[in-house]
Amino acid sequence: MRQTAERSPPTQVFQQQMQAQHIFQFWKAVEALTPQKLDKDNPDDLFRPAYKVAQGGNLPWRDTRHTDKPLKDDKVWLYTAQCGVYDATALSQQLEEKIGAHDDVVEERGRVNSRLFDISFNEQGIPLYQTFMLSLSAWAAGQILHHKDGVAALENNVPVDFSDLPPPGDTLPLVDSGFAGFDALTLRLMQWIADEAALLEANGNSPDIDWIQKLVALVVDKTLFPHSTLESEFVCLVKCIQVKAPKPAGEEPTPDNKDREKKVDPVQDGLLNSFYISELRNLGRAWQQNDAGPGFVEYMRAVSEPDRARIDLRSPEGLRLAFQRLLPTQPPAGAWPSLYPLAFSQQLAVNEIWRRHADQAGIFAVNGPPGTGKTTLLRDVVAAVVTQRAGSLIRHEDEVFAGKNMLILGDDRYPYYPLHPAIKGSSIVVASANNGAVENISLELPGADAVPESVHGESDYFADLVSELIGKPGWGLLAARLGNKGNRNTFMKVFWWRKPEENKDTPLLPPDTFTPQRGEGLAYHLRLIKAGKRKPAISWDKAKLNFKQAQEREEAIRKQLIDYATLDKQIDEIHQRILEKRDVRTLTADQLTQAQETQAKIQVEKIEHQALYAEWSGQLEAAGKRLEQHGSHKPTFLDWISTWGRAHREWRERYHRLTQESDRLRAKMGIYQTERDALERKEKEAEKSVRDQTRQLQEIDRALSEMHLELISTQARSEQAKSALGDVWPDPHASDEVREKSAPWADDAWQKARQALFLAALDVHRAFIEHHPEPFISNINLVSNWLQGKNLSEEQAELALNSLTLVVPVISTTFASVPRMFKRIGREAIGWLLIDEAGQALPQQAAGAIWRAARTVVVGDPKQLEPVSGIAKVVEGALAQHYGVSACWWPGMVSAQILADHTMDLGTLLPDPDNGQVWVGCPLRVHRRCDDPMFTVSNAVAYDGLMVHGKKAVSLPLPESCWIDVEGKACEGNWIAEEGEAVRTLLSGLRDSHGVKPDNIFLVSPFKDCAQKLSQLASELGFDTQKTGTVHTTQGKEASIVIFVLGGNVQRPGAKSWAASRPNLLNVAVSRAKQRLYVIGNRAEWQKQRYFSTLANGLPAE
């Protein structure tokens, strides 16, 4: 049985708090010291060229090789310079020497270039001061290198003389990095640039490379940066893009240009600096004040509590628990429409998420190997939340909105309506470190393919609007991709603000229905409803009635299934009752026998007593007669005299003897009478006992007969239920494979009822929105202010989030956008945080989002690609040693998924090359993506056979998967020319002989230089260059065919060892291929490597 964790003693809590503070400081230092790589130059690109500029060189606006490039009439160039190029590897070595190397970290790291700052220039080359972005990692490195206590400089900055820099003016943007010294220096440098820009523009000049070098020297001086690490070959890299030209002076600007002239966006922090430093500072403060919910507390403490009670779901105990948690009482009421039910472990995960967190805060981790249906699981969580909220809308229909309030921003006033507490807490935010994962879910949930074709005719939750948003057919407005400012603006423009272009001279009446195809946004639609010019798509009363009927239907079927689920238990209970009753019958029969034996014994005793009584009665009667006769012969007076009294004495003696004899016999008769009375009482008692035991035995026999009838009836009902449910009747004795593919209790009628309830819930939402146009117009206008980053209070920002997700249930973002987009969102204000691909997220990236969430569901896989830490491992180790933080918290060693997995009491163990075994949360096990041998290889190298193959094999007219053995000698880095020729031959054959379309093929390699060559080769052959890349670029994607080009410098065997150091890379590579995997490389050499020997065993050589 699962044990409840005991409350930690005060001393342990204090130690955990202090440890967490050190972790936040460590993560903050790691983020501060993480440099961004310099972009690559690309001078020949016509539309987005990038130029390296050396000392004495020309900047692009002064260089004819750039100015001669074609430019559209309505476009101008915008330039962004990455300046002060330095060797990040050399800087890491200096930091390691200063801080002190960690004993357990040894790292070989190639040269990596970064830069001191970024700044943009307009079309004339005038610097745009507000775009200046100083490198936090460069500043932090300078501080550490010049502070006597090294890393302590991040908390107590080294003083820097600012006297030769102008004080910052009022027009500068806010800078809040989390480091006061850095912010102060940034503002001073920004003002210096502003003054320089004004002077340049006044004189009609533009900066040259000397001006850039002057600024670089100033930055080096003020950041205390080590000059020795600066790049000597070139000063900066300038990227150029074409943007819309501003309107000439005096001409009315268009809306787009109005925004451009009003404000030029600064360089995005993510291009140079960490998004998370201020976030980590705030989290540290919150933690110190015990201002954290259960989910975040678990996230920060679980890895430090390895002895918590756990149940392995693959153990007998775990399987028993799993079947209990899959009973019909457990699933949420609503379900996502699908032709197929969730598989065993999928439904278990959904049930456990809902059982634990429908009404309680916390965190739940799901292990999702490739192709096991992670998104499918998340869709059911979404359906559950939306269905639950629909019920709340109906229950509180007259009090959902409180009275009107007013938001005042400057001279503008914005009305809004607070929401009832019952409606709060249902917002859903999907977050990931990976842009691709966020986009996949945002497009997949509302896409037409997310539901069966039949649903399209049953439900219309703003389907036309979402089709406009995602640029393809959609079925319902279930999700929106937000996050960065561009995404937010694009969303609001289409979703809310659009209005159809109408001819003022001949105005057209709007259609009777919402028509996004003609340019209508939701605001326009609601205003028409408010004005009485358009009716809601569905009446509120009808939506309520439909929902309640769907609810009753679902509850009725669930009740029937719950009854079915008790039948086997009832049968077991009846069997037990029969056994118990039989034991009682045996005891009663024994008691009856004893009673009968007692009765017989009494009767014998009674006969014996009666014989004695007769004997004693005769004796008493004879004695009486003798005494009477003796009395009649009493001596006379004469006899007395004649015998001198002897005769009288003799008579008296005999009389006395006879009297004694009679008395003795009478006494015996008295004793007998007492004994006879006792025997009669015993006889009556024995007769009663016999009657009672006989009656009880008859009652027991009747009860047993009834139980047998009940057993037969219940067994018959059970057989009927099993026949009715068929394959969905649970079988605890099934094999692992059969069980995992099964869907216990997923009766078709019940699934349809749950799905219909979810669709009815969507109708409730649409009806509610359209029947309350005024509050929604006001609240979504508040959302617009929130998404623009306006200064809302925490309560107003939370209201904006809840109001938006009341219309669009799921919004998505990358973690990088959370600190800005959710800046005003407080602790546990997000109802549900769904983290996708959490195995790729650094632990500190997810921390802020988890703190803001009441409930967090973490889905990922530590056996796929791991997060990439931008800091050198030697520096990370040195920082960890300084802060006293163990390796289980290092961003280079763990992911958000691993930390979340440690919070779980339900899960399983997987093999780990470093620690023997690793604990993962509630696992998904049925893999439905890859054919063999890809499935078998993936399952063997990474999952210890955890996965079950659930895909049906399909015969294809393609060459079988194989390893094309190439023993190449001509290498350029990790690229081997002979392997390239093998790729060319294979691609040509697949296209020309087998008719394979280029978009069905991925070309992947472990190495970047190989991936670049593959891209060139794909371009030459007319294949899609977007379908080429390193293995790291392919996670979350799939293709019918994967060509895995191994490469590997023949002079540097360490490259192969790196690729084979963990199973993750190989696992991801092979599990992208749905139907065919072709490996190209030196089989003899690669099969010597760990895990690749399994690949060689699974693939025949060609």
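Pulled fully out, how much extra length does the chain show between D63 and S1019, if you take 0.36 nm times their separation in residues and subtract their Cα-Cα distance?
Result for the pair: 341.2 nm of gain on full extension.
First measure r as the distance between the Cβ atoms of M406 and N489, then evaluate 1/(1 + (r/R0)^6) with R0 = 35 Å and state the FRET efficiency to the nearest 0.05.
0.90
For a quick check: with amide H placed at 1.01 Å from N, whose amide H comes under 5 Å from E231's, ignoring anything fewer than 5 positions away on the same chain?
V85, Y86, D87
For G860, enumerate residues with amide H under 5 Å from its amide H, sequence gap 5+ or separate chain, H modeled in the peptide plane.
Those qualifying (amide H under 5 Å, at least 5 residues apart or on another chain) are V366, G368, A838.
Hey, could you pull the Cα Rg and Dmax for the chain, both in Å?
44.0, 189
Can you compute the label reach from E683? Point 7 Å from Cα along the Cβ direction, backbone N cut-off under 13 Å, restricted to the range 589-612.
599-611
Quick one: length gained pulling F47 to K668 fully straight, 0.36 nm per residue minus the C-alpha distance?
Full-extension gain reported as 209.9 nm.
Would you list the membrane-span-like helices of the chain, meaning whole DSSP H runs whose alpha-carbon atoms span at least 24 Å along their axis and whose mean Kyte-Doolittle value is at least 0.5?
Those that clear 24 Å and a mean of 0.5 are 180-202.
Measuring from label point to label point, each 7 Å out along Cα→Cβ, what is the Q715 to S163 span in nm?
Label-label distance for Q715 and S163, simple model: 10.2 nm.
For the range 1015-1102, what does the relative contact order come out to in percent, with C-alpha contacts under 8 Å and a separation of six or more?
The normalised contact order for the range 1015-1102 reaches 30 percent.
Of the options L528, L592, Q610, report the single residue whose Cα projects farthest towards the positive end of the charge dipole of the range 509-624 (beta-carbon charges: Lys, Arg +1; Asp, Glu -1).
Most positive-ward Cα: L528.
Cross-link list K601/K688; K374/K863; K404/K548; K37/K69; K52/K239: which exceed 19 angstrom alpha carbon to alpha carbon?
K404/K548; K37/K69
Along the positive direction of the dipole of the chain (beta-carbon charges: Lys, Arg +1; Asp, Glu -1; about the Cα centre), which of P331, H227, T89 reaches farthest?
After comparing all options, I get P331.
Work out the FRET efficiency for D748 and E573 from their Cβ-Cβ distance, taking R0 = 30 Å, and round it to the nearest 0.05.
Efficiency computed from Cβ-Cβ geometry: 0.55.
Quick one: putting +1 on the C-beta of Lys and Arg, -1 on the C-beta of Asp and Glu, what dipole do you get for the range 940-1098 around its Cα centre, in Debye to the nearest 20?
460
Could you give the nm distance between label points at K244 and D170, where each point is 7 Å from its Cα heading toward the beta carbon?
3.1
Along Cα→Cβ, 7 Å out, is where each label goes; now give me the distance between the ones at T513 and A184 in nm to one decimal.
6.5
State the Cα centre-to-centre distance between the range 363-382 and the range 458-495 in whole Å.
With the range 363-382 and the range 458-495 each reduced to a Cα centre, they are spaced 23 Å.
For S955 and K559, FRET efficiency with R0 = 51 Å and r from the beta-carbon atoms, rounded to 0.05?
0.65
Express as a percent, rounded to the nearest 5, the fraction of DSSP beta bridges in the chain (both residues included) that run antiparallel.
Around 45 percent antiparallel, to the nearest 5.
Using unit Cβ charges (K, R positive; D, E negative) and no other charged atoms, how large, in debye to the nearest 20, is the dipole of the range 487-580 about its Cα centre?
With Lys and Arg at +1 and Asp and Glu at -1, about 920 debye.
Can you sort L469, L725 from fewest to most other Cβ atoms within 10 Å of each residue's own Cβ?
L725, L469
I need to check one value: relative contact order of the chain, counting alpha carbon pairs closer than 8 Å and at least 6 residues apart, in percent.
Relative contact order, the chain: 16 percent.
Given the C-alpha centroids of the range 1060-1097 and the range 613-653, what is the distance between them in whole angstrom?
Taking the Cα centre of the range 613-653 as reference, the centre of the range 1060-1097 is 131 Å away.
Just the isolated ones, please: cysteines in the chain lacking another cysteine beta carbon under 4.7 angstrom.
C240, C888, C922, C930, C962, C971, C1010
Positive end of the charge dipole of the range 35-273 (Lys, Arg +1 and Asp, Glu -1 on Cβ, about the Cα centre): tell me which of P207, L172, T64 has its Cα farthest that way.
Farthest towards the positive end: T64.
First obtain the Kirkwood hydrodynamic radius of the range 963-1090 from its Cα pairs, then insert it into the Stokes-Einstein equation at 20 °C and 1.002 mPa s, and state the resulting D in µm² per second as a whole number.
149
Dipole of the chain, Cα-centred, from +1 at each Lys and Arg C-beta and -1 at each Asp and Glu C-beta, to the nearest 20 debye?
2580
Taken together, the values in this text are just the output of simple stated rules run on the coordinates, not laboratory data. Remember, it's a predicted structure, so these values are computed and weren't measured experimentally. Note: ideal-geometry Cβ built from the backbone for every residue, glycine included; neighbour counts use all protein chains shown.
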